[in-house]
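Single-structure report; data block below.
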Amino acid sequence: KNEVEQSPQNLTAQEGEFITINCSYSVGISALHWLQQHPGGGIVSLFMLSSGKKKHGRLIATINIQEKHSSLHITASHPRDSAVYICAAPEVQGAQKLVFGQGTRLTINP
Amino acid sequence: ETGVTQSPTHLIKTRGQQVTLRCSSQSGHNTVSWYQQALGQGPQFIFQYYREEENGRGNFPPRFSGLQFPNYSSELNVNALELDDSALYLCASSMGQGVSYEQYFGPGTRLTVT
C-alpha cells in the first residue's frame with residue numbers, strides 16, 4: 001500500500017515569498033493529486049500530474065516518477081494562499097482509493 | 001457547467017439515528033467517491049461508485065452504504081449513527097473509475113452526532 005508523506009507539516013512565510021511543499025510516496029503510481037483545503041471548507045483540486053511539470057497561475061507542480069517525489073511551488077505568495085495543501089496518490093496502481101498525505105498548513109502573513 | 005454540489009451543508013443528528021447525504025456530480029462524470037474527514041485529520045476513503053455499481057470500498061462498516069443513480073448523482077447512507085461519525089463528508093466526481101482522473105470535490109456536508 002502506498003504511504004504518502006508531506007513536508008513540512010506547518011509553514012509560515014511572509015507575503016511575496018517563494019513556497020515549496022514536498023510530497024513523497026512509496027508505490028509507483030500513474031497520477032498524483034495536489035489539493036487545497038481552506039479552513040472549514042471543501043477541497044479544491046489544484047493539479048493531477050503523472051510526469052514532468054504543470055503550471056497554473058502562480059502555482060507550479062512537479063513530479064519525479066523515478067524518485068517517487070513531487071513538489072508544489074507557489075510564487076509571489078499572498079495571504080489568500082493560506083490553506084492546507086494535501087497531496088494524494090492511489091493506494092496501489094489502478095486503485096479506486098486515494099491515500100492522502102497529512103497535509104501542510106500554510107500561513108502567509110501580510 | 002455545474003460543479004459538484006452536496007446537500008445538506010450541515011446536519012445535526014442523535015446517536016442511533018440514520019442519515020442520508022446527497023451528492024450531485026459534475027456534468028459528464030460517471031464516478032463518485034465518498035470520503036470522511038474527521039476534524040484535524042486527512043480524508044478517509046469510504047467507497048466509490050462507477051456507473052451505479054460499487055467499485056471499491058474502504059475500511060468502513062456495513063452501516064455505511066451508498067447508491068448511485070442513472071444520472072450519476074449519489075447518496076451516502078449511515079445507519080445507527082455513533083458519536084465518532086461526526087465529520088465532514090466529502091464527495092468527489094470524475095470522468096472514469098479509479099483515481100487516475102482529476103477528482104472534483106464538493107463543498108462537503110458537516111455532520112454532528114450528539
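The values are calculated or read from the model by the stated rules, or taken from the named source; none is laboratory data. Since the structure is predicted, the reported quantities are computational estimates derived from the model, not experimental observations. Cβ placement follows ideal geometry from the backbone for every residue including glycine, while neighbour counts extend to all protein chains displayed.
Residues in segment B:72-111 that are β-branched (Val, Ile, Thr) and either within 13 Å of another protein chain (Cβ to nearest Cβ) or touching a Pro at 6+ places or on another chain (Cβ under 7 Å) (or both): B:Val99, B:Thr109.
When the residues of segment B:36-71 are filtered to those that are among the polar types (S, T, N, Q) and within 11 Å of chain A (Cβ to nearest Cβ), which remaining residue is surrounded by the fewest Cβ atoms within 10 Å (Cβ to Cβ)?
Within segment B:36-71, the subset among the polar types (S, T, N, Q) is B:36-37, B:41, B:44, B:48, B:55, B:59, B:65, B:68, B:71.
With the extra rule that they be within 11 Å of chain A (Cβ to nearest Cβ), the set shrinks to B:37, B:41, B:44, B:48, B:55, B:59.
Details: B:Gln37: 19, B:Gln41: 13, B:Gln44: 18, B:Gln48: 28, B:Asn55: 17, B:Asn59: 8.
For segment B:36-71, the residue satisfying everything is B:Asn59.
The set of residues in segment B:26-42 being assigned to a loop (DSSP other than H, G, I, E, B) and either hydrophobic (A, V, I, L, M, F, W, C) or within 11 Å of the chain's Cα centre (by Cα) (or both) consists of B:Ala38, B:Leu39.
Out of the residues in segment A:3-24 that are closer than 23 Å to B:Tyr104 by Cα and surrounded by fewer than 20 Cβ atoms within 10 Å (Cβ to Cβ), which is nearest to the chain's Cα centre (by Cα)?
Within segment A:3-24, the first condition is being closer than 23 Å to B:Tyr104 by Cα, and the residues that meet it are A:3-6, A:21-24.
Those left that are additionally surrounded by fewer than 20 Cβ atoms within 10 Å (Cβ to Cβ): A:3, A:5, A:22, A:24.
Details: A:Glu3: 14, A:Glu5: 10, A:Asn22: 7, A:Ser24: 10 Å.
Within segment A:3-24, the match that is nearest to the chain's Cα centre (by Cα) is A:Asn22.
Here the condition is being of a type in the set (Val, Ile, Thr) and either at pLDDT 95 or above or surrounded by fewer than 16 Cβ atoms within 10 Å (Cβ to Cβ) (or both); of A:Val44, A:Val99, A:Val27, it holds for A:Val44 alone.
Is it the case, given these coordinates, that A:Ser77 is part of a strand (DSSP E or B) and modelled with pLDDT of 90 or more? Working first, answer last.
On the way: part of a strand (DSSP E or B): no; modelled with pLDDT of 90 or more: yes.
Here the answer is no, as A:Ser77 does not meet what is asked.
Please count how many residues of segment A:1-55 are outside any strand (DSSP E or B), within 11 Å of chain B (Cβ to nearest Cβ) and either touching a Cys at 6+ places or on another chain (Cβ under 8 Å) or of a type in the set (Val, Ile, Thr) (or both). Matching residues across segment A:1-55 total 1.
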